[in-house]
Amino acid sequence: MIKIKNIFFVVIFYNLMITPSFSYLDPGSSSIILQAIIGMIAAVGTTIGIYWKKFKDFFSKLFKKKNKIN
């Protein structure tokens, strides 16, 4: 079992070792991030659409009534 004392020590030690980061995000960076988010949404939507169609086709074939004309 992990002791609370060890977890406390690791958290304190980690917080003492953090150094500041001097970085800059220009407008081009935010545009790239926005494009990535839009691309992920499009990819998820396409994937769901493809598998939804396969799902519907599978169950429509499974439960299709056979109509025979005598």
**Asked** Given 53, 68, which one is at pLDDT below 90, among the charged types (D, E, K, R) and surrounded by 10 or more Cβ atoms within 10 Å (Cβ to Cβ)?
**Response** 53
**Item:** Single unsatisfied condition, residue 24 versus (1) of a type in the set (Phe, Trp, Tyr); (2) at pLDDT 90 or above; (3) part of a loop (DSSP other than H, G, I, E, B)
**Value:** (2)
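The values are calculated or read from the model by the stated rules, or taken from the named source; none is laboratory data. Please read these numbers as outputs of a predicted model, since none were measured by experiment. No Cβ is skipped: glycine too gets one built from the backbone with ideal geometry, and neighbour counts run over all protein chains shown.
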